[in-house]
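Participant: Sending over a structure as C-alpha cells; questions will come in a sec.
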Amino acid sequence: NKGKYEHYMQKEIHEQPESLTTTMRGRLIRGGSHKAKTVLLGGLKDHLKTIRRSRRIVFIGCGTSYNAALAARPILEELSGVPVTMEVASDLLDRQGPIYREDTAVFVSQSGETADTLLALEYALENGALCVGITNTVSSAIARHTHCGVHINAGAEIGVASTKAYTSQIVVMAMLALAIGGDTISNEAKREATIDGLIDLPNKVREVLHLDQEMKDLAKLLIAEQSLLVFGRGYNYATALEGALKVKEVALMHSEGILAGEMKHGPLALVDENLPIVVIATRDACFSKQQSVIQQLHARKGRLIVMCSKGDAAAVCPGESCRVIEVPQVEDCLQPVVNIIPLQLLAYHLTVLRGFNVDQPRNLAKSVTTQ
Ligand code: UD1
Ligand code: M6R
C-alpha cells in the first residue's frame, strides 16, 4: 500500500524518520547505577566477548548493503580497536580470499536471500569464522544460517532501490560498534555523543526531508545530463558510492562515486565546465581537505553542487555558479544517514522526470537469488 505516495521508493524515502525509530526501539536503554544510556542488541549479547577477541571483523555484502557497511566501518574501527576489512561477496568468492577461525564475518543483506552473500556465508562457515547477520528479513536464509545477528526492523522494503534499509543498516552497525566498544573510559565521550546523536537522528532526518522540492528543482537542471560524479571521503565515501548507485540504478544515468583523495590520480582529467559534480563537504575531520578539493575543481571550471552543513554555504562556495545543498549537522559517524537522503530524493525525481520506472528499474530484481 503506497498510501499518499505515487511510488514505493518515494514512500520508503519519506518514512525514514519512522523506520529509524523502529530500528532503535528497545535497543537504547538506561542502564547501570549512573543511569548512562547503553546499547542492547539482544541477538548479540552472548557473543560480544568472542567478537571483541576476534583478530578482525570482515564485512561482507553486495550493492547498497556493502555501502552501508562501508559507512559504518570508521566508527567500528574507532570504538572497537579491532581491524575491520570489507569484502564484496562475489569478489571474496572469486578469490576464495582468506577467512579464519579467529575472524568475525558480518553479513549485511536487506533481503537475507542474496545468492552471493549466502554463498560467502557458507564459505565463511566452512572456514570456522563466527558469522553474524544484519538483515531486514526474519527467517531469511542469512538470518537462519548465521550464528547470531541483528534484525534491522525497517519494515518491508518494496522498491528495488534500497533506501530505508540503507539508513537502518548504518544505524544498526553504529549500535554494533557501541556494543562491541563497551564501557571503556577512552570511548566515553564518543559513546555518549553517538548515543545522543542516535536518539535525535529521526528528527534530523525529518528536517533533511524538507529538501524534497529543492532536489526536484536540481533534478530538472540535470535531467538531460549524461553523467554525474559524486566526491566523498572519510565517513562519506560510502555516501558518494551509494548516491551514485541510486542515480545509476533508477534514473538510468551514468554516475560514479569517487574517493576525493583519489581525485588527482585520474578523475580530475574528466573535469570541465559541463560535467556536474556533487562534492560532499559536511563538517567533520575531513572538512578542510574537502574545501581544498572544491577549490581545485573550481580552478578547472568544474560545475559544482556542494553538500555542506547548515550555515556553511559561504565557507564552501568558491563562486556564484556553485549550487549548495545545506543539511543539518549530526555526530560525524551518523552524518552518512542524513547526507544520503538528498541524493535519494535527487535520484527519485530524476527518474520520474526522465520517465523511467521508479520501483522496477530496467533489468533489475529486488533480490538477486542467482549468481
Ligand atoms: C527479539 C525479538 C523481538 C522482541 C525482542 C524482545 C524476533 C525476531 N525478535 O528481538 O520480536 O521484541 O526480542 O526482547 O523474535 N539473528 C541471527 N541472524 C540474523 C539476525 C538475527 O542469527 O541475521 C538471531 C539473533 O541472534 C537473535 C534472533 O535472531 O537470536 C533475533 O534477533 P533480533 O530480532 O535482532 O533480536 P532482538 O532485538 O532481541
Ligand atoms: O538484499 P540485499 O541487501 O542482500 O541486496 C544487495 C543488493 O542486491 C542491493 O542492495 C542492490 O544493490 C539494490 N538494488 C540497491 O538499491
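The values are calculated or read from the model by the stated rules, or taken from the named source; none is laboratory data. Just so it is clear, the structure is predicted and the values come from calculations on it, not from any experiment. Positions of Cβ are generated from backbone atoms using ideal geometry, with glycine treated the same way; all protein chains shown enter the neighbour counts. Please note that ligands, DNA and RNA were not included when accessible areas were found on the heavy atoms of the full protein model with its side chains. Shrake-Rupley method; radii C 1.70, N 1.55, O 1.52, S 1.80 Å.
Participant: Using only Cα atoms, what is the ratio of the radius of gyration of the chain to 2.2 N^0.38 Å?
Facilitator: Rg over 2.2 N^0.38 Å, computed on Cα atoms: 0.96.
Participant: Oh, and also: Roughly how tilted is helix 63-80, in degrees to the nearest 10 and between 0 and 90, from the longest Cα axis of the chain?
Facilitator: Helix 63-80 sits roughly 60 degrees off the main axis of the chain.
Participant: Calculate the spin-label point distance for residue 289 paired with residue 368, positioning each point 7 Å from the Cα along the beta-carbon direction, and give it in nanometres.
Facilitator: The modelled label-to-label distance comes out at 2.9 nm.
Participant: Also, quick follow-up: Of 267, 357, 114, which is farthest towards the positive pole of the chain's charge dipole, taken about the Cα centre with +1 and -1 on the beta-carbons of Lys, Arg and Asp, Glu respectively?
Facilitator: 114
Participant: Students often forget the sequence filter, so: which aspartates and glutamates lie under 13 Å Cα-Cα from residue 246 once same-chain residues fewer than 8 apart are removed?
Facilitator: Partners found: 256, 359.
Participant: Hey, another quick one. If you roll a 1.4 angstrom probe over the protein chains with everything in place, what fraction of the accessible area of the range 143-246 belongs to carbon and sulfur, to the nearest %?
Facilitator: Numbers: 1910 of 3620 Å².
That share works out to 53 percent.
Participant: Can you say what percent of the DSSP beta bridges in the chain, counting only those with both residues inside, are antiparallel? Round to 5.
Facilitator: Antiparallel bridges make up about 5 percent of those DSSP assigns within the chain.
Participant: Need one word for the range 285-325: rounded, prolate or oblate. Basis is the Cα gyration tensor (sqrt eigenvalues a ≥ b ≥ c); a/c below 1.5 gives rounded, then a/b vs b/c decides.
Facilitator: Oblate shape, in that a/c is at least 1.5 and b/c is the bigger or equal ratio.
Participant: What percent does the relative contact order of the range 140-275 come to when contacts are Cα pairs within less than 8 Å and at least six residues apart?
Facilitator: Averaging sequence separation for qualifying contacts and normalising by length gives 16 percent for the range 140-275.
Participant: Given axes a ≥ b ≥ c from the Cα gyration tensor, I'd like to know whether the range 39-154 is rounded (a/c under 1.5), prolate (a/b larger than b/c) or oblate.
Facilitator: rounded
Participant: Taking 26 Å as the cut-off for C-alpha to C-alpha distance, list the pairs among 45/204; 220/264; 4/220; 37/204 that go past it.
Facilitator: The answer is 45/204; 220/264.
Participant: Another question, then. Specify whether the C-alpha gyration tensor of the range 174-275 places it in the rounded, prolate or oblate class, a ≥ b ≥ c being the square roots of the eigenvalues: rounded for a/c under 1.5, otherwise prolate if a/b is larger than b/c and oblate if not.
Facilitator: oblate
Participant: Please return the longest stretch of the chain lacking exposed loop sites, where GluC sites (Glu not before Pro) count only if DSSP places them in a loop and at most 15 other Cβ atoms lie within 10 Å.
Facilitator: Result, exposed sites excluded: 103-272.
Participant: With an 8 Å cut-off on Cα pairs and a minimum separation of 6 or more residues, tell me the relative contact order of the chain in percent.
Facilitator: 19 percent
Participant: I've got another one for you. Could you tell me how many degrees, from 0 to 90 and to the nearest 10, lie between the Cα long axis of helix 287-299 and the main elongation axis, the longest principal axis, of the Cα atoms of the chain?
Facilitator: 30 degrees
Participant: Test of understanding: given the chain, find the longest segment containing no trypsin sites (Lys or Arg not before Pro) that are in a DSSP loop and have at most 14 other Cβ atoms within 10 Å.
Facilitator: 102-299
Participant: Return the whole-Å distance between the Cα centroid of the range 142-168 and the Cα centroid of the range 346-361.
Facilitator: That distance is 23 Å.
Participant: If you don't mind, another one. Find which of 317, 304, 208 sits farthest along the positive direction of the dipole of the chain, computed with +1 on the beta-carbon of Lys and Arg, -1 on that of Asp and Glu, about the Cα centre.
Facilitator: Towards the positive end, the residue furthest out is 208.
Participant: Helix-only estimate, please: 222 nm mean residue ellipticity of the chain, summing -39500 (n - 2.57) across DSSP H runs of length 4 or more and dividing by its residues, to the nearest 500.
Facilitator: The helix-only estimate for the chain comes to -14000 deg cm²/dmol at 222 nm.
Participant: Go through the chain and flag any cysteine with no other cysteine's C-beta closer than 4.7 Å, please.
Facilitator: 62, 131, 148, 286, 308, 333 - these cysteines have no disulfide-compatible partner (Cβ-Cβ under 4.7 Å) in the chain.
Participant: Per residue, how much accessible surface does the chain expose to a 1.4 Å probe? Answer in Å², no decimals.
Facilitator: 41 Å²
Participant: Which is the longest part of the chain that has none of the chymotrypsin sites (Phe, Trp or Tyr not before Pro) sitting in a DSSP loop with at most 16 other Cβ atoms within 10 Å?
Facilitator: Counting only loop sites that pass the neighbour cut-off, the longest clear stretch is 101-355.
Participant: Could you give the distance between the Cα centres of the range 104-141 and the range 183-216, to the whole Å?
Facilitator: The range 104-141 and the range 183-216 have Cα centres spaced 28 Å from each other.
Participant: Enter the per residue convex hull volume of the range 160-200, computed from alpha-carbon coordinates, in Å³ rounded to the nearest integer. Walk me through the numbers before you get to the answer.
Facilitator: Working: hull volume 2.4 nm³, N = 41.
Convex hull of Cα atoms, per residue: 59 Å³.
Participant: Also, quick follow-up: For residue 190, which aspartates and glutamates qualify as cross-link partners when the Cα separation must be under 18 Å and same-chain residues fewer than eight apart are set aside?
Facilitator: Within the straight-line cut-off, residue 190 pairs with 77, 78, 200, 284, 331, 332.
Participant: Using the Cα centre as the reference, give the magnitude of the dipole from point charges on the C-beta atoms of the chain (Lys, Arg: +1; Asp, Glu: -1; all else neutral), rounded to the nearest 20 debye.
Facilitator: Details: 39 positive and 40 negative charges, 89 e Å.
Charge dipole, the chain, about its Cα centre: 420 debye, nearest 20.
Participant: R0 = 25 Å: FRET efficiency of residue 252 with residue 296, Cβ-based, nearest 0.05? Present the calculation step by step, with values, prior to reporting the outcome.
Facilitator: Numbers: r = 30 Å, r/R0 = 1.21.
My answer for the efficiency is 0.25.
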